Every structure is written in structure tokens, then in C-alpha cells.
Amino acid sequence: MNLLFPNYLLSRVVAFLATTLAMSFLTNTLLGCGQQKKNGFSETELIVHYSITLLHGDSIRHNVFIDTVKILYYKEFTIYTLPPKRRMEDNSYIQGTNSYFFYKKNSPKGVWLTNLDSFTNFTHHPVDSFLEKRAFKSMKFSIPPTDTLISKDETSKTYLEKWIPKRLINENQYDTLCYYYSKNTDSINFKLSKNLDSISRYHLYKVRIIFNERFSSSYLRMLPSREYYFETKHTYITKTDTRISKINTIIQSNIVK
């Protein structure tokens, strides 16, 4: 049977898992909007890698998912390109199911569209609640007070911290937490953690949550090793990008208030 598994449901799974692991998933911080450079407009890719282990009788099915949300800062607007729906049984995307969310700086509501070429079909939604459900919003990580720093690794461009729990409270707890920082802090719009950036004076760009293989007393079997990671990549797009003319048309239509 073909199961269409919307990404907003997967984001709820990730949020639930992060909560059980004592991670702090709060409101992400957007510093500025529409910042323009000489070579274009700022765009962030938020890459989310997560695993779901499904138990079917005596067998274990281990699925790995990777989703990417693109966040474009154009003038006074923020435009999200949301990942498409996927088939649960083979992890494949459903072509043509990408969607887009526009909102104006400081506006409480935005516009959701399923097509940049035809915007006759659109709906308005509160910004915060929509992005929480559909765009993996809230990636403000912190250092759990029950963890211990076990290593630091520094280069001229990056800084890495590895943390482990002082003790394993239950079988759902992670084994290692890795924070990757970049020393390049220029013109960053999207932040995984404003607090950690302030403490380290660097830019947190990647988080890995690692689970070792271990025996589950709940399921009476070995559960495979697995990993979750969240990563940001920052680029710039030029004014000649094919999306810009379409975005301008949508903005000029005044459907984005």
C-alpha cells in the first residue's frame, strides 16, 4: 500500500523525540530580513536528517529521512520552500508536492502557495504555528545541564564540542551530542541557537545527536545505532535567479500582507 507521509507529520515526530531527549526546541531567531549583498540575496538551507525505527513483529525496519527547507530573505519578505511529501515505504518524494510560504517582516500571518507559477490557490496562516508544523521551526539548542563536555576540536575555521550524558536515565537517551561551530559569523540570518552563538562567539551551524546500538528492555531486542542531525548552509542567489521574477509577481499581487 502506498502511504503518503507529509513532512509536517515527520516534523512532529522529530519534535517529540527531541523533547524526550531533553533538547530545547524553542523559537528560531531570524536576524533581519531581506539582507542584500553585492552578489545577491541571502538564502539558508536547513537540512534535517532523522531516523525512524519501526517494529513489525520480530523484524526491525530502520528508515532514514533527509529533508531540506530553503529560506530566502528577499527585501522585507521571507520565503520558505518546503520539502515535498514522501512515500513512507520507499522514502521517495512525490513529485510536484513542494509548497511555499511567504511572510512580510513583523507580520503575524503569511501566505501558503503550492505553486509559484499560479497563485490563484492560496491560504493565509499564522506564521509561527504554520512553520512549527511544516518547516521544522524551532531549532534553538542548548547544553543540557546533565551533560559533560568530553572533547574540543578547533581549526582555523571551525570549532567542535562533544557532550555526553553524565548517566543514562533511560534507553531513549542519546549517547553523544555534537555541536559544530563556524568562525565565520558574517551576515547570518538564520540561527540554530542565539544563546550558544553568544556564549561561544561563533556560529552554530550543525548539531548531531548520536544513539549507539543498545538493547531495549521495552522491545526485548537490540536497537540499531542511529543519528539525527540539523545543519544550516548559507548562500546567496543572484537577481537573475528564475525564482525572483515569480516572487516579485506574487508580492505585487498584494496577497502577502
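The values are calculated or read from the model by the stated rules, or taken from the named source; none is laboratory data. Keep in mind it's a predicted model, so treat the numbers as computed, not measured. We place every Cβ from the backbone using ideal geometry, glycine too, and count neighbours over all the protein chains shown. Ligands, DNA and RNA are excluded from the accessible area calculation, which covers all protein heavy atoms including side chains. Shrake-Rupley method; radii C 1.70, N 1.55, O 1.52, S 1.80 Å.
Quick look at the values:
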{"read-out": "Ranked packing of 240-248, 96-104, most packed first, by mean Cβ within 10 Å", "value": "96-104, 240-248"}
{"read-out": "Carbon plus sulfur fraction of accessible area for segment 159-214, probe 1.4 Å, in percent", "value": "42"}
{"read-out": "Sequence-separation-based contact order of segment 133-206, relative, with Cα cut under 8 Å and 6+ spacing, percent", "value": "29"}
{"read-out": "Reference-scaled alpha-carbon Rg (2.2 N^0.38 Å with N residues) for segment 199-245", "value": "2.10"}
{"read-out": "Cα-based equivalent ellipsoid, segment 99-257: semi-axes from gyration tensor eigenvalues, Å", "value": "38, 22, 14"}
{"read-out": "Inter-part distance where segment 153-221 and segment 235-257 are each reduced to a Cα centre, Å", "value": "35"}
{"read-out": "Stretch gain in nm, segment E45-N184, where the contour uses 0.36 nm per residue and the Cα spacing is subtracted", "value": "48.4 nm"}
{"read-out": "By average C-beta atoms within 10 angstrom, highest first, the peptides 214-227, 105-118", "value": "105-118, 214-227"}
{"read-out": "³J(HN,Hα), Karplus 6.51/-1.76/1.60, whole Hz, each residue of segment 193-205, x for Gly, Pro", "value": "7, 5, 5, 5, 4, 5, 5, 7, 6, 10, 10, 6, 10"}
{"read-out": "I66-K239 FRET efficiency (beta carbon distance; Förster radius 25 Å; 0.05 resolution)", "value": "0.25"}
{"read-out": "Quotient of Cα Rg and 2.2 N^0.38 Å for segment 94-141, N being how many residues it contains", "value": "1.23"}
